[in-house]
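To start, the structure under review is shown below, and the notes come after it.
The values are calculated or read from the model by the stated rules, or taken from the named source; none is laboratory data. Quantities reported herein were computed from a predicted structural model and do not represent experimental measurements. FYI the Cβ positions are ideal-geometry reconstructions off the backbone, even for glycines, and counts take in every protein chain you see.
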Amino acid sequence: MPPKNESFWLKCIFIVNNIKYELQYIISGNGEKGVGNNIQTITRFLRGCKETSGKPEENEYTKEQETTFLKQFINDNNLWFEENIPEETKIGQGAEQSVYLSPDSKSVLKINDSIYYQFWLDYFHNLLIHNYFFPTTQYQLLGFKEIKGVLHAVVKQPFIHITEPTNIEIVREFLTSNSFEIKKNNDYINKSLGIILEDLHDENVLMNQKVLFFIDTVFYLTLSFYE
């Protein structure tokens, strides 16, 4: 039986398809200049490297190969981050990144080695999707550093002052109302868009004056995203 309000459902389908198209366009490495443009440029470059490096199954494309291409791109475009980051400004440390507070306390620098992602390209996809959904905490790519032989991206993000503890139930209500279903614990999936969003515990989503701020997202694309 067709829905009672067919125009409403058609509008919902249009909105979903429009969001998906916009994300596909951004992920492809296109989009407007400005914040995130460096990320899109690198995304386009790495996608080209992967597409032109088709290898037999026994010698498939690896993250090590991708990192070699990325380092060459960094060299060619002067993207090494040379500024000193005082160790005393560190305010956080995780498995994947270190976090430093800026002198004016208005932003943070995050140094990330993309360990959570199979490829650097997936990490940059995450940044682009985050910037699309959460512009108030958008990432700006400042450059790259090599630490103990390991490549790291240096990104800048607004600093969020916490005024109250994060209520995970409010996070869940917000996400489910925006078509994200709970997979398990703090992991979600939006089947219509083909996007997975993981690890949304109370340190990755902050609250300021009862408003949610998503600061550390882990987005993954599923095959259905490209359909």
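Let's see how each residue does on (1) at pLDDT below 90; (2) surrounded by 16 or more Cβ atoms within 10 Å (Cβ to Cβ); (3) part of a helix (DSSP H, G or I):
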residue	(1), (2), (3)
Q40	no, yes, yes
T43	no, yes, yes
K55	yes, no, no
E64	no, no, yes
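In segment 205-219, the residues that are assigned by TED's automatic domain parsing to the domain that holds Q138 never reach a residue that is among the hydroxyl-bearing types (S, T, Y) with C-beta atoms less than 8 angstrom apart, at least six apart or across chains. Looking at N77, N126, just one residue is over 28 Å from L175 (Cα atoms) and surrounded by 13 or more Cβ atoms within 10 Å (Cβ to Cβ), and that residue is N77. Restricting the first member to segment 65-90 and to residues that are more than 15 Å from K156 (Cα to Cα), and the second to residues that are part of a loop (DSSP other than H, G, I, E, B) and at pLDDT 95 or above, the beta-carbon pairs closer than 9 Å and six or more apart or on different chains are E66/F119; F73/L79.
Just so you know, in segment 103-145 the residues that are assigned to a strand (DSSP E or B) and without any contact (Cβ under 8 Å) to a residue 60 or more places away in the chain include one that is farthest from T68 (Cα to Cα), and it is S107.
Does I162 satisfy being in contact with an Asp or Glu (Cβ under 6 Å, 6 or more places away or on another chain), in a loop (DSSP other than H, G, I, E, B) and either of a type in the set (S, T, Y) or surrounded by fewer than 20 Cβ atoms within 10 Å (Cβ to Cβ) (or both)? No: the conditions fail for I162. Could you tell me whether N30 is surrounded by 10 or more Cβ atoms within 10 Å (Cβ to Cβ), assigned by TED's automatic domain parsing to the domain that holds Y123, modelled with pLDDT under 90 and part of a loop (DSSP other than H, G, I, E, B)? Spelling it out, N30 is indeed surrounded by 10 or more Cβ atoms within 10 Å (Cβ to Cβ), assigned by TED's automatic domain parsing to the domain that holds Y123, modelled with pLDDT under 90 and part of a loop (DSSP other than H, G, I, E, B). In segment 83-102, which residues are among the charged types (D, E, K, R) and not in a loop (DSSP other than H, G, I, E, B)? Residues satisfying the conditions are E87, E88, K90.
Residue-level check: of (1) under 20 Å from L193 (Cβ atoms); (2) crowded, with 17+ Cβ neighbours inside 10 Å, P135 misses just (2). Within the option set Y116, Y139, Y132, being of a type in the set (F, W, Y), within 20 Å of V205 (Cα to Cα), at pLDDT 95 or above and out of contact with any Pro (no Cβ under 7 Å at 6 or more places or on another chain) holds for one residue only, Y139. Going by the structure shown, is T68 at pLDDT 90 or above and under 21 Å from the mean Cα position of the chain (by Cα)? No, not satisfied.
Based on this model, can you work out whether E227 counts as exposed (fewer than 12 other Cβ atoms within 10 Å of the Cβ), modelled with pLDDT of 95 or more and of a type in the set (D, E, K, R)? So E227 fails the test.
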